[in-house]
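The numbers here are math on the coordinates, done by the rules we state, and not lab data. Source: prediction; values computed, not measured. Here Cβ is always computed from backbone atoms with ideal geometry, including for glycine, and neighbour counts include all displayed protein chains.
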Amino acid sequence: MSAPPTVLVVGGAGYIGSHMVWLLGQRGVNVVTLDDLSSGHADAVTSGRLERGDMADRALLDRIFSSQPVDAVMHFASFIQVGESVEQPARYYRNNVLRTLDLLDAMRAHGVKHFIFSSTAAVFGEPAYTPIDERHPQQPINPYGRTKWMVEQVLADYDRAYGLRSVCLRYFNAAGAHPDGLLGERHDPETHLIPLVLQAASGRRAGIKVFGQDYDTPDGTCIRDYIHVMDLAEAHWLALQRLLQGGASGVFNLGNGGGYSVQQVIDVARAHTGREIALEYAPRRPGDPARLVADATLARQELGWVPQYPDLATLVAHAWRWEQRCASASAPRT
Ligand code: UDP
C-alpha cells in the first residue's frame with residue numbers, strides 16, 4: 001500500500017479550511033495546517049498538526065516543505081469581505097495576491113506541483129446571463145473579485161511555464177456547517193446572510209437587515225446559490241484526486257444551480273428554528289446583483305462532484321446546530 005499523501009492546508013483554521021482539514025483527516029491524509037490565526041481558530045483544526053504563521057514567511061515554509069514531502073497545497077487564506085476590499089484595496093492585493101505569490105514561489109523552490117485554490121463567483125462581476133458557467137466573461141467589479149481573478153491568471157501562466165498543476169474552485173455562496181455540529185462559521189464580524197439570520201433566531205443579535213426588496217426576482221429580494229461547506233470540501237477532495245493522478249489543471253464553478261431568495265432563507269430559518277427573526281427592510285447593498293446562480297455541470301462531468309446537501313432546509317438545520325452551540329458557549333454563566 002502506498003503512503004498516504006501529505007497536504008498543506010493554508011488557512012485550515014478558518015471556516016471552509018477547517019471543514020477541509022476534518023475531511024482530509026477522515027480520508028487518511030496526513031494534514032499540515034498553516035494559519036496565522038488572524039481570523040481562524042486553533043480549536044477548529046481537528047486533524048494533523050497546526051503551524052501558526054504567515055503563508056509568506058519563507059523560512060517557515062522552507063521548514064514545512066523540508067520536514068516532509070508535500071504532495072499538494074490547498075489555499076483558503078484570503079480576505080473575503082467585498083466592502084472592506086473597496087475601502088482597503090492595498091490590504092487585499094497584498095494578502096490575496098502578493099502573499100499567494102510568495103506561497104507559490106516556495107512551492108516551486110521545493111518542487112511541490114499541485115495547488116488547489118479557493119476562488120469565487122465574484123470573478124464574474126455583474127452576470128451577463130444565469131446560470132453562470134465557466135465561460136461567462138470574467139469582469140470582477142470589486143478588488144476582492146479582482147484579487148481572485150488575478151491569481152487564477154497567474155496559475156494558468158505557472159502551469160504553462162513551471163508545470164504547476166492547479167484547480168481553481170469558484171464558490172458561489174458557501175454556507176452550512178458540519179452535520180454533527182463539530183465545526184461551523186465563526187467570522188468576526190459576521191457579514192453572511194445565513195449565520196446572521198440564525199444569530200437573530202438564537203437571540204445573539206437583535207435582528208437583521210434585508211438589503212433591497214425591489215430586485216427583479218419573484219419576491220423582490222436577491223437570489224443566491226447557497227452551497228454546503230461539506231460539499232465544497234468534497235469538491236476539493238475530488239480536485240486533489242485529479243491532480244494526484246496526473247490530471248490537468250482546471251477551473252470549476254461550484255453551486256447547486258438553483259438558488260434561494262433572501263426572503264426564502266428567512267422563511268426556512270423561521271420554520272426550522274420556530275423562532276421569531278426581526279427584520280429591517282433596508283436599501284440595496286451596493287454591488288449586489290439580483291441573481292447569482294452557478295452552472296456546475298463541468299464539475300459534475302470532470303470531477304464527478306455531486307452535492308450531498310443541495311436542500312436549503314438541511315443546510316439551515318446544520319448551521320442552526322452550530323449556532324446553538326455558539327450561543328450556549330457565549331451565554332453569560334449564572
Ligand atoms: N444580505 C442581507 N442582509 C444581510 C446580509 C446579506 O439581506 O445582513 C443579502 C445580501 O444582500 C445578498 C444575500 O443576502 O443578497 C447574500 O449575502 P452574503 O453577504 O451572505 O453573500 P454574498 O452574496 O455577498 O457573497
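Which residue, chosen from SER202, ALA317, VAL9, occupies the Cα position most advanced towards the positive end of the dipole of the chain, where the dipole is computed from +1 (Lys, Arg) and -1 (Asp, Glu) charges on Cβ about the Cα centre?
In the chain, that residue is VAL9.
For GLU190, what charge total do you get from the other residues with a beta carbon under 10 Å from its beta carbon, if Lys and Arg give +1 and Asp and Glu give -1?
Working: positive: ARG186, ARG204, ARG205; negative: GLU185, ASP188.
Net charge around GLU190: +1.
Using the Karplus equation 6.51 cos²θ - 1.76 cosθ + 1.60 (θ = phi - 60°), what ³J(HN,Hα) coupling, rounded to whole Hz, does each residue of segment 22-27 give in order, writing x for Gly and Pro?
Those phi angles translate into 4, 5, 4, x, 4, 8 Hz.
When the distances between all Cα atoms of segment 1-150 are binned every 5 Å from zero, what whole-number percent does each bin get?
Using 5 Å bins, I get a P(r) of 2, 10, 18, 19, 18, 15, 10, 6, 2, 0, 0 for segment 1-150.
Taking 7 Å along the Cα-to-C-beta vector as the label spot, tell me the TYR281-ILE141 distance in nanometres, rounded to one decimal.
2.3
Can you give the percent of C-alpha pairs in segment 8-48 whose distance is more than 14 Å?
Details: 235 of 820 pairs.
Summing the P(r) tail past 14 Å for segment 8-48 gives 29 percent.
What is segment 257-334 by shape, rounded, prolate or oblate, if you read a ≥ b ≥ c off the alpha carbon gyration tensor as root eigenvalues and call it rounded for a/c under 1.5, prolate for a/b larger than b/c, and oblate otherwise?
In terms of gyration-tensor shape, oblate.
When the helices in the chain are scored as -39500 (n - 2.57) per DSSP H run of 4 or longer and the sum is shared across all residues, what 222 nm value do you end up with, to the nearest 500 deg cm²/dmol?
Calculated at 222 nm, the ellipticity per residue is -11000 deg cm²/dmol.
Please check: in the Gaussian network model of the chain (C-alpha springs, under 10 Å), which one of ASP214, ASP180, ASP57 has the largest mean-square fluctuation.
Result: ASP180 has the largest fluctuation of those listed.
Taking every alpha carbon pair in segment 171-269, what does the distance histogram look like in 5 angstrom bins from 0, in percent?
Pairs per bin, as whole percents: 2, 11, 18, 20, 18, 13, 8, 5, 4, 1, 0.
Compute the distribution of all C-alpha to C-alpha distances in segment 101-222, in bins of 5 Å from 0, and list the percent of pairs in each, rounded to whole numbers.
Pairs per bin, as whole percents: 2, 8, 13, 15, 16, 15, 13, 8, 5, 3, 1.
Taking Rh as the Kirkwood radius computed over C-alpha pairs, what is the Stokes-Einstein D of segment 188-331 at 10 °C in a medium of viscosity 1.306 mPa s, expressed in µm² per second? Intermediate values should be presented prior to the final figure.
Values: Rh = 16.7 Å.
So the translational diffusion coefficient is about 95 µm²/s.
Can you tell me the dipole magnitude for the chain around its Cα centre, using point charges on the Cβ only (Lys, Arg +1; Asp, Glu -1), in Debye to the nearest 20?
In total the dipole reaches around 440 debye.
Remind me, relative contact order of the chain in percent, using alpha carbon pairs under 8 angstrom and six or more residues apart?
18
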